[in-house]
1. Do the conditions hold for B:F64, that is, is it under 23 Å from B:Y258 (Cα atoms), touching a residue at least 12 places away in the same chain (Cβ under 8 Å), aromatic (F, W, Y) and more than 9 Å from chain A (Cβ to nearest Cβ)?
2. How many residues are among the hydrophobic types (A, V, I, L, M, F, W, C), within 14 Å of chain A (Cβ to nearest Cβ) and touching a residue at least 40 places away in the same chain (Cβ under 8 Å) when one looks only at region B:160-189?
3. Please enumerate the residues belonging to region A:47-56 that are surrounded by fewer than 19 Cβ atoms within 10 Å (Cβ to Cβ), of a type outside the set (D, E, K, R) and either within 11 Å of chain B (Cβ to nearest Cβ) or not in a helix (DSSP H, G or I) (or both).
4. Yes or no: region A:33-49 includes at least one residue that is among the aromatic types (F, W, Y), closer than 20 Å to A:E268 by Cβ and at pLDDT below 95.
5. Can you list residue pairs whose Cβ atoms sit under 9 Å apart, with the first residue in region B:68-91 being facing another protein chain (nearest Cβ under 7 Å) and surrounded by 23 or more Cβ atoms within 10 Å (Cβ to Cβ) and the second being assigned to a loop (DSSP other than H, G, I, E, B) and basic (K, R)? Count only pairs 6 or more apart in sequence or on different chains.
6. Residues that are buried (at least 20 other Cβ atoms within 10 Å of the Cβ) and away from every other protein chain (no Cβ under 14 Å): find the helices (runs of 4 or more DSSP H) completely inside region A:183-283 holding 3 or more of those.
7. Determine which single condition B:G57 fails, assuming it passes every other condition in (1) part of a loop (DSSP other than H, G, I, E, B); (2) without any contact (Cβ under 8 Å) to a residue 24 or more places away in the chain.
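The values are calculated or read from the model by the stated rules, or taken from the named source; none is laboratory data. In this text, all values refer to a predicted model and were calculated from it rather than measured experimentally. FYI the Cβ positions are ideal-geometry reconstructions off the backbone, even for glycines, and counts take in every protein chain you see.
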Amino acid sequence: MLKLEKRPQPSKAWVWLAPVVAVIATMIAGGALFALLGKDPLVAIRTIFWDPLFSEFAFFYRPQLLVKGAPLVLIAIGLSLGFRAGIWNIGAEGQYIVGALCGAGVGLAFYPMEGWFIFPLMVMAGALGGWAWAMIPAVLKVKFGTNEILVSLMLVYVAEQLLASMALGLMKNPEGFGFPGSRNLQQYPSAHNAELIAGSGMHWGVVAAMVAVIFAYVLMTRHILGFHIRLTGEAPRAARFAGVNPGRLVLICLGLAGALAGLAGMFEVSGPAGRVSIDFNVGYGFTAIIVAFLGRLHPLGILMAGLLMALTYIGGEIAQSRLGLPAAAIQMFQGMLLFFLLAVDVMTNYRLRLTWREVA
Amino acid sequence: MKLTKLLTTAALALGLATGAMAQDKLKVGFVYVGPVGDGGWTYEHDKGRLAVEAEFGDKVETVFVESVPEGPDAERVMTQMALDGAKLIFTTSFGFMDPTINVAAKFPDVKFEHATGYKRADNVSTYSARFYEGRAIQGHIAGKMTESNIIGYIGSYPIPEVIRGINSAFIHARKVNPDVQFKIVWAYTWFDPAKEADAAKVLIEQGADVILQHTDSTAPLAAAAEAGNIIGFGQASDMGEYADGPRVSSIIDNWAPYYIARTRAVMDGTWTSTDTWDGIGPGMVGIGEITDKVPADVKAEALAMKEAIAKGEYHPFTGPLNKQDGSAWLAEGEVADDGTLLGMDFYVEGIEGTIPN
């Protein structure tokens, strides 16, 4: 008989093995799902995971991986800091929206003036916007002990209403014939977050994501703050004895996560998306939660997980169009990834034991 | 610019490589904003796609991607379709406008058709339907049928298209029932069954016994059926499954004739960039079966109005009409011009409340 036995220490090997096993399990279960839908599972899996990287048109898809992955990585890095310390910011989507609105707002305010300083100002405004939106749950938690999960999540819906209001009112393109949506920042050189090398997919958001990965790595391994974060997450009581101020930690973790999410929104609105529109946000803030856990809350893991997630999006679209797979099947496939990860994660803290039932 | 070149070369190479095959098989792509099973907007576009397949059989191959977010994702999906050899691509949501223009610039040989937008290019056409013509008929039926004199209206977003529909319905409801009032709720979504049902319930609680909707799911009709003694209309699609219950008629988007015509134009090499805004006359807007719940005389009047609109004898926005603030808009007998209608951002006189922005 099989028995689960708690490990005295979480298994180091399983921490890193779990995502790999989860990906393989997703491929198998997903393949079965595709087969049930009457598609060749091997072709479907190849279309999702292989074609974007190595097919005839990979020159187009590879840069797209960076475009799709950068906001995920940027947001997930910020979230992981808080998650490590047991501070649960679920509202990155809202911080992403507000960052985009602040960044775009600064850019639109200067239109049509040209100047080198406009884009840096937008970057600052984006980070500040996201930071300020995250400060609401942070301050409420520190001052009144509210639950940051609920407050940050609810603020996503407030941010969405704010976005709709901006797209329909204040930021509406005056030359847009009354239709909602702002001017396209791609056509405003000083505010455009253009590709740094044409055709590479590299824009400032990608650079920022990479810097964030390195920054987070150094912070977590070399800096006292990183130590405090880890200590608070693993042993809150010990952390208090070690002189960690929990309130300060909440402010820092939520603030950093908000600023990074705000930056992601700002780079997106000024680059790939181009304009503030009612449906500007597409769920990066929520997907980033999956990315953070898939990446084991480790900066390098998050980088890999972000790219993997981007791959399933891009490959999923190709599979829809080439094989006629329904979008819901692709979404299920992505959902399975988190499901299997959480399931396999049991192995990190428990081990399987083969036991013989003793005769009573 | 390197990417543009690369893409064009690739498209060209592909065009050459599959040239012999492509001669008898045209690949047509469809980009949808919602799921094909939404029962409304996207469902009808997909019916148009199936009609293209039925019409041309082996001569076409259609591909589609559903639930595509508006923005960079849409741009990638369109590019992917063009790379895979699609020669005609329909992008069926307003928010796909800038992505369509961007991708079209990279693939000059591919024709694009964008629904409900206003930006065109040499290889980008736009098309939309005059849904407000159907709204006039709805308003007439609603005004005659209401007993509480309160008509509920579920708006999606306060954009010209939706405001036009509200105005058209209101004008014709008031015309037959001077006591009628409109209560408008904004759902801020095109498709969200839960939100739409909530909106319908709120309106019913406020006394509305007719629900008009400008959102795409059947949830408002389901809510009306649950409440009982409420009538509603199918939106974008016939929603005939509610014909035994609250649904008394519907506005149907019929894209099939247009999609077939445009596909044929590409095959014949006669495709040019155009702007199409068709209504009941050419068949782009259909009026679903009016059920027996509607008294025979009201039904006859509604059908007569449909006939007059189809023939071009009657325009739903014919003066005298004032704006909400009381200022004159259209003089006696004057007909609204398309420019004003396309950018409509005001209510007509008699509607209460303000347009949110």
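1. Criteria not met by B:F64.
2. 3
3. Correct list: A:W50, A:S55.
4. no
5. The qualifying pairs are B:G71/A:R275.
6. The qualifying helices (runs of 4 or more DSSP H) are A:204-222, A:224-234, A:246-270.
7. If we test B:G57 against (1) part of a loop (DSSP other than H, G, I, E, B); (2) without any contact (Cβ under 8 Å) to a residue 24 or more places away in the chain, just (1) comes out false.
Let's see how each residue does on (1) buried (at least 22 other Cβ atoms within 10 Å of the Cβ); (2) in contact with a Ser or Thr (Cβ under 6 Å, 6 or more places away or on another chain); (3) of a type in the set (G, A, S); (4) not in a helix (DSSP H, G or I):
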| site | (1), (2), (3), (4) |
| --- | --- |
| A:L4 | no, no, no, yes |
| A:W14 | no, yes, no, no |
| A:A25 | no, no, yes, no |
| A:G38 | no, no, yes, yes |
| A:P63 | no, yes, no, no |
| A:A70 | yes, no, yes, no |
